[in-house]
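Here is the structure we will look at, set down as structure tokens.
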Amino acid sequence: MKKVATKSLTPEAESRVVLAAIELRARPTLRKVSSLKISSAEDFQTAAELLKSCKDLARLAKEKELSLTRPLNQVVDGIRDLFRPFLKDVEAIEADTKQKMLAWTQQAARLQAKLEADFDSGKIKKVDTLLKKQAALESTGNVRRTWKAVAIDPSLTPARFMRPDEEAIYAALRAGEAVAGWEWRQVESITI
């Protein structure tokens, strides 16, 4: 591939130039392979050679993409690593505090019911007393009821909601382990 001076280009502009060059080089091959009809061993071999050329160009494009995105990803990862401890601390404190707040609202609801029972039974005689005690138990409206799926017994989950971890199954079978419902089998596929 012909070298293009890209020193003064932004990474995005450089990417466009390199991609355009790769696409220009690949276009004839892609046209040939997409219109190819395989009706003989010779056609099959031609298809394999054309696909290999396409894959080589795709590999080249991927290498260039990675050479441009890797430094950016490293910067992003570094920034995330910098912020992660603080964000995890805030998340943990938030979860703990929300749990305490929820426990308080549940306790307040029980006390509210007890106050009403005490008023009905005559233990609390004045409405003002009841209202003051109820006001002291009221939250500021931060409690919201939402619907959420909660696993009570995950072992009873219907099979249609289970997704096998095919990578783990592959590794286990390859290591010689037996996996119920799966087998290590040789299958045919086209390789280029």
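Read-outs: derived from the displayed coordinates by stated rules, not from any lab. Since the structure is predicted, the reported quantities are computational estimates derived from the model, not experimental observations. Heads up, the Cβs are rebuilt from the backbone with ideal geometry, glycines too, and the neighbour counts pull from every protein chain shown.
General remarks:
- The spacing between the stretch 35-56 and the stretch 96-141, judged by their C-alpha centroids, is 78 Å.
- Protection proxy ranking for 47-54, 115-122, using the average of other Cβ atoms within 10 Å per residue and placing the highest first: 47-54, 115-122.
- Excluding same-chain neighbours fewer than eight residues apart, the lysines reachable from K133 by a Cα-Cα span under 25 Å are K98, K100, K114, K123, K125.
- When the charge dipole of the stretch 11-139 is built from unit charges on Cβ atoms (+1 for Lys and Arg, -1 for Asp and Glu) and taken about the Cα centre, the candidate among C54, V75, S34 whose Cα reaches farthest toward its positive end is S34.
- Taking all pairs of distinct alpha-carbon atoms in the stretch 50-106, Kirkwood radius in angstrom: 15.3 Å
- A136 versus E23: modelled label distance in nm, points set 7 Å from Cα along the beta carbon direction: 7.3 nm
- Our helix-only sum for the chain, with -39,500 (n - 2.57) per DSSP H run of n ≥ 4 divided by its residues, gives a mean residue ellipticity at 222 nm of -24000 deg cm²/dmol.
- Charge dipole (the stretch 67-154, unit charges on Cβ, about Cα centre) - positive-most of L111, I124, A136: I124
- Length gained when the stretch A168-L30 is fully extended (0.36 nm per residue, less Cα-Cα span): 46.1 nm
- Taking the stretch 11-139 and dividing mean pair separation by its residue count, relative contact order in percent (alpha carbons under 8 Å, at least six apart): 18 percent
- Computed on the Cα trace of the chain, the radius of gyration divided by the Kirkwood hydrodynamic radius gives Rg/Rh = 1.27.
- Rounded to the nearest 0.05, the FRET efficiency derived from the C-beta distance between M101 and D77 at R0 = 45 Å is 0.85.
- In a simple Cβ point-charge model (Lys, Arg +1; Asp, Glu -1; nothing else charged), the stretch 11-139 has a dipole of about 180 debye relative to its Cα centre.
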